[in-house]
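S.K.: The following block contains the structure, expressed as structure tokens.
Taken together, the values in this text are just the output of simple stated rules run on the coordinates, not laboratory data. All of these numbers come straight from a predicted model, not from anything done at the bench. Cβ sites come from the backbone with ideal geometry, for glycine too, and all protein chains shown count toward neighbours.
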Amino acid sequence: MKARSVDFAKLWEYSVGFYGVWLVHLGRQTGLFETLASSPMSITELVSVTKTYPSAVQAWCSAAIAYGLIIEKKGKVYLKPGMKAMLLDKKNPNYLGGQFSYLALRSLEYSAFEGLFRYGKTHEMSSNINAIEQATDWDHYTFLARVRRDRKLDQLLSRGCRLLDVGCGTGSLLAKMHNVYNKSSFVGIDPSGKAVARARSIAKNKSIKIIKQAGELMTFENEFDIVYLGESLYAARDKERVISNCLRALKNGGTIAIVEGLLPESNLQTDDDRLIMGMELDFALQGYRFMTKKQVAKLLEKFSRVRFEDLGGSVYLVTATRNSFLPY
Ligand SMILES: C[S@@+](CC[C@H](N)C(=O)[O-])C[C@H]1O[C@@H](n2cnc3c(N)ncnc32)[C@H](O)[C@@H]1O
């Protein structure tokens, strides 16, 4: 048989990957992975424990075995070693499960692409707060681990300081930070009514204040030691205004910390590049674009000590300091 080209193999892999995304998401959503992580069992037992439908679980198990996610041995199915950390453990640096669920949940809105291509009609990510939470858990734990390693920020937060989260979404980073740094006080702002309602329920009885507001309209002045923006700057219509409001909100010497997916500088076609360029299509549907390092650096020109740190998967932590001598 004639050997197939490298491009053929790549295309083939993409269609296999589509089912891989759904296999992982369904295994997480239905609790099949969670159940197998606690103990190996027969498929009949798995159906009974997870209260699922036998033919669906049978099909899922056959596919999950073929995809190397689970193993079958002597009538029992096992989660493959290492899978628990990557698919279920949100605090593990190699956690990928949330990304799969994000992709699967986002694809539920993709019938709207017809409108984008035919009429240029964008489609706001409306129904899917859950998708965002799945995707940003990794950001939050990675940011928290990074803050704990940073002497200045860790000490500030441990002794008690004020942190503002601009575009806090459902407030889940603030809740995580509050658990670790309970002497500090936190403010989250977000323009989405749905996200704010969820954030307020998470913030209840904690020193976390949630305000329904866009970053462009903030009027804080010299109030915060740290201003955090987690995958929210891309969504702001007037980014210059948001950043200048963040500058004003910071005390002198305060730190801005931005976590964002950033576009690659050259067309290297690594897996990281391919993923973010694929997501750029999803962003186009919502009327957004990822930014480049250059664009972020320009937005931060009134700050000092601007630093980009590659967190992996094209996600960067950008930190900078408010310099007391510069006007906002
Ligand atoms: C991908 S979510 C990230 C949420 C949160 N930061 C997290 O890490 O879970 C983006 C958030 O930015 C918010 N957002 C959109 N436009 C904004 C603006 N102009 N100012 C502040 N937040 C905005 C959205 O409502 C949404 O909650």
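S.K.: For the range 157-202, which positions are at positive phi and within 9 Å of the ligand (Cβ to nearest atom)?
M.R.: Within the range 157-202, 167, 169, 171 qualify.
S.K.: A further question on this structure: Restricting attention to the range 209-240, which residues are near the ligand (Cβ under 8 Å from one of its atoms) and farther than 22 Å from residue 295 by Cβ?
M.R.: Residue satisfying the conditions is 213 alone.
S.K.: Can you tell me which condition residue 105 does not meet? The list is (1) among the aliphatic types (A, V, I, L, M); (2) farther than 21 Å from residue 17 by Cα; (3) in contact (Cβ under 8 Å) with a residue 60 or more places away in the chain, and all the others hold.
M.R.: Going through the list (1) among the aliphatic types (A, V, I, L, M); (2) farther than 21 Å from residue 17 by Cα; (3) in contact (Cβ under 8 Å) with a residue 60 or more places away in the chain, residue 105 breaks only (2).
S.K.: Please count how many residues of the range 26-59 are under 18 Å from residue 97 (Cα atoms) and assigned to a helix (DSSP H, G or I).
M.R.: 11
S.K.: Which pairs turn up if I take residues in the range 167-180 that are closer than 19 Å to residue 235 by Cα and look for partners that are among the polar types (S, T, N, Q) with beta carbon separation below 6 Å, at least 6 apart in sequence or on another chain?
M.R.: From residues that are closer than 19 Å to residue 235 by Cα, the pairs are 167/232.
S.K.: Return only the number of the condition from (1) of a type in the set (Gly, Ala, Ser); (2) away from the ligand (no atom under 14 Å from the Cβ); (3) surrounded by 15 or more Cβ atoms within 10 Å (Cβ to Cβ) that residue 82 does not satisfy.
M.R.: In the conditions (1) of a type in the set (Gly, Ala, Ser); (2) away from the ligand (no atom under 14 Å from the Cβ); (3) surrounded by 15 or more Cβ atoms within 10 Å (Cβ to Cβ), residue 82 misses (3) alone.
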